[in-house]
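The values are calculated or read from the model by the stated rules, or taken from the named source; none is laboratory data. Note that the coordinates shown come from a computational prediction; the quantities given were computed from them, not determined experimentally. Positions of Cβ are backbone-derived with ideal geometry, glycine not excepted, and every protein chain shown enters the neighbour counts.
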Amino acid sequence: MGKIDHDAVLRARVLLLGSGTLRPLEQVHAYRVLAEVSPRAYLPKLVDALLSLGYRSRDPEVDLVLAAEAVEAARRIAGAARVERLCRALHAYQAALFALGRRAEGRAACEEMAAAGRGGRLANILAEEGRFREAAELNEKAARNGTGEYSFWNMVEWAANLEGAGLQGEALAVFGELLDETRREAAGQGAALAILTWELVHLSRMREAAGRGEDAAATRREALTVLEELATTGEPKNWSCILAWWVTLFALSGRADEPAATAESPMPPFGTDRGWSRDTREAFLGALPGLETEAARLRGAGRLPELVDVRRRISIRVALSEGDHPHRFAERLKPYFDEGVVLARRLPDDPARLARALTDRAMFLVAARTFEPAHADFAEAVALLDAR
């Protein structure tokens, strides 16, 4: 600690004791001074004030400076308050670093968070860089230690990372555990039948990819039964917006059609709708114009199979960009899924692509709560797949 400016300390105390409301920057200045003389009392307040000031910023460079100072202040905190505030400061710090494209430094901040017991963000970053096995190990550690809430989000992320690592059996076991829980909850009206349908369809895709065709067919038939119930009676109760569940699984279903993720060319952490680095998200969604150009080229060349695949990649990006907003949901997104089916029907010798397009539209229609057409689409898809 350097020489204390007692006049500055007095001014800071008077400022904080005043009757007026302090601006955030004034709070930061006051806590900076007082943290030097009473670190136990004022370092936590300084961290909170710096982070609050950062939340009001729209400039990643400003965010970085404030978050870096918050991290340094948090490291000086003694006692039980240290870990919580250090992790909050590190979270803001890594977000600013990734927004500026400084991935190595951002990863280091996430590693420090993981060392403090908060490994979720590091798991996302590792998945973005194709390091799925390491990401899955962090997912498992959180689950085994009870630090990760048992939820759709955690289990889907874990299963996705296992599958990305080529551990298909383990991925199926984790996703199957989630599905068993969803079945139990749906039976007691504790989960939406729509979510159960999406999970069943995704598990059928996982089983198909793992070479378990008979199991995949059985799971599709179970999904068709649930869809028939929805088409006949609807959801037993009303649910708030659950579109994020559909978006997450739809995006995950398209991971294999995207370039492989690497540290030099990261991809989104498919399997979660949270924790995407800003640079990765912007690059992924920013590819839309290029894909539209590629689709136009393929259409002009009459290359229908490749066109169907590119249009699906476009649909996934649109869903990720705006698919969890309920306002005019069906009106905004339905044309993409209709086009996918129309194009696939022009490939009479490719029932797999048509079944995929019909399944995609069916699951979208479930999200749009249009259950009868969804059932018709999925019934056709199941018949096509069973006839192979």
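Give me the helices (runs of 4 or more DSSP H) completely within segment 14-102, filtered to those with at least 3 residues that are among the hydrophobic types (A, V, I, L, M, F, W, C) and under 33 Å from the mean Cα position of the chain (by Cα), ordered by residue number.
Details: elements: 24-37, 39-55, 60-75, 81-99.
The qualifying helices (runs of 4 or more DSSP H) are 39-55, 60-75, 81-99.
For Leu307, work out the one condition from (1) surrounded by 15 or more Cβ atoms within 10 Å (Cβ to Cβ); (2) more than 22 Å from Leu203 (Cβ to Cβ); (3) touching a residue at least 40 places away in the same chain (Cβ under 8 Å) it doesn't fulfil. Leu307 satisfies every listed condition except (3).
Of all the numbered requirements in (1) modelled with pLDDT of 95 or more; (2) within 14 Å of the chain's Cα centre (by Cα); (3) part of a loop (DSSP other than H, G, I, E, B), Gly275 misses one, and that requirement is (1). Quick check on segment 253-264. Is at least one of its residues part of a loop (DSSP other than H, G, I, E, B), among the acidic types (Asp, Glu) and at pLDDT below 95? Yes: one or more hits. In this structure, Ala283 qualifies as under 18 Å from the mean Cα position of the chain (by Cα), surrounded by fewer than 17 Cβ atoms within 10 Å (Cβ to Cβ) and hydrophobic (A, V, I, L, M, F, W, C).
Reported count of residues in segment 103-133, each being part of a helix (DSSP H, G or I), under 15 Å from Thr272 (Cα atoms) and among the small types (Gly, Ala, Ser), is 3. Could you tell me whether any residue of segment 298-318 is over 24 Å from the mean Cα position of the chain (by Cα), in a loop (DSSP other than H, G, I, E, B) and among the basic types (Lys, Arg)? Within segment 298-318 (the criterion being over 24 Å from the mean Cα position of the chain (by Cα), in a loop (DSSP other than H, G, I, E, B) and among the basic types (Lys, Arg)), the answer is yes, since at least one residue qualifies.
Remark: pairs (first residue in segment 251-274, free of Cβ contacts under 8 Å to residues at least 40 places away in the same chain; second residue among the hydroxyl-bearing types (Ser, Thr, Tyr); Cβ separation under 7 Å; 6+ apart in sequence or on different chains) = Pro259/Ser265. Residues in segment 313-324: is at least one surrounded by 16 or more Cβ atoms within 10 Å (Cβ to Cβ), in contact (Cβ under 8 Å) with a residue 40 or more places away in the chain, within 30 Å of Leu100 (Cα to Cα) and of a type in the set (Lys, Arg)? Yes, segment 313-324 contains a residue that is surrounded by 16 or more Cβ atoms within 10 Å (Cβ to Cβ), in contact (Cβ under 8 Å) with a residue 40 or more places away in the chain, within 30 Å of Leu100 (Cα to Cα) and of a type in the set (Lys, Arg).
Quick check on segment 53-67. Is at least one of its residues under 24 Å from Ser265 (Cα atoms) and of a type in the set (Asp, Glu)? If you could, list the steps in order and put the result at the bottom.
Initial filter on segment 53-67 (under 24 Å from Ser265 (Cα atoms)): 60-61, 64.
Then keep just the ones that are of a type in the set (Asp, Glu); that gives 61.
Yes, because at least one residue in segment 53-67 is under 24 Å from Ser265 (Cα atoms) and of a type in the set (Asp, Glu).
Matching residues to (1) aromatic (Phe, Trp, Tyr); (2) free of Cβ contacts under 8 Å to residues at least 12 places away in the same chain; (3) surrounded by 22 or more Cβ atoms within 10 Å (Cβ to Cβ); (4) within 21 Å of Ala244 (Cα to Cα):
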{"residue": "Glu112", "(1), (2), (3), (4)": "no, no, no, no"}
{"residue": "Ala127", "(1), (2), (3), (4)": "no, no, yes, yes"}
{"residue": "Ala142", "(1), (2), (3), (4)": "no, no, no, no"}
{"residue": "Val156", "(1), (2), (3), (4)": "no, no, yes, yes"}
{"residue": "Glu177", "(1), (2), (3), (4)": "no, no, no, yes"}
{"residue": "Arg183", "(1), (2), (3), (4)": "no, no, no, yes"}
{"residue": "Ala187", "(1), (2), (3), (4)": "no, yes, no, no"}
{"residue": "Glu199", "(1), (2), (3), (4)": "no, no, yes, yes"}
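Matching residues to (1) of a type in the set (Asp, Glu); (2) more than 27 Å from Leu122 (Cα to Cα); (3) touching a residue at least 40 places away in the same chain (Cβ under 8 Å); (4) crowded, with 17+ Cβ neighbours inside 10 Å:
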| site | (1), (2), (3), (4) |
| --- | --- |
| Asn145 | no, no, no, no |
| Gly169 | no, no, yes, no |
| Ala191 | no, yes, no, yes |
| Arg207 | no, yes, no, yes |
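Beta carbons closer than 6 Å, at least 6 apart along the sequence or on distinct chains, never pair a first residue in segment 350-367 that is over 14 Å from Ser204 (Cα atoms) and not assigned by TED's automatic domain parsing to the domain that holds Leu196 with a second that is of a type in the set (D, E, K, R) and surrounded by fewer than 24 Cβ atoms within 10 Å (Cβ to Cβ).
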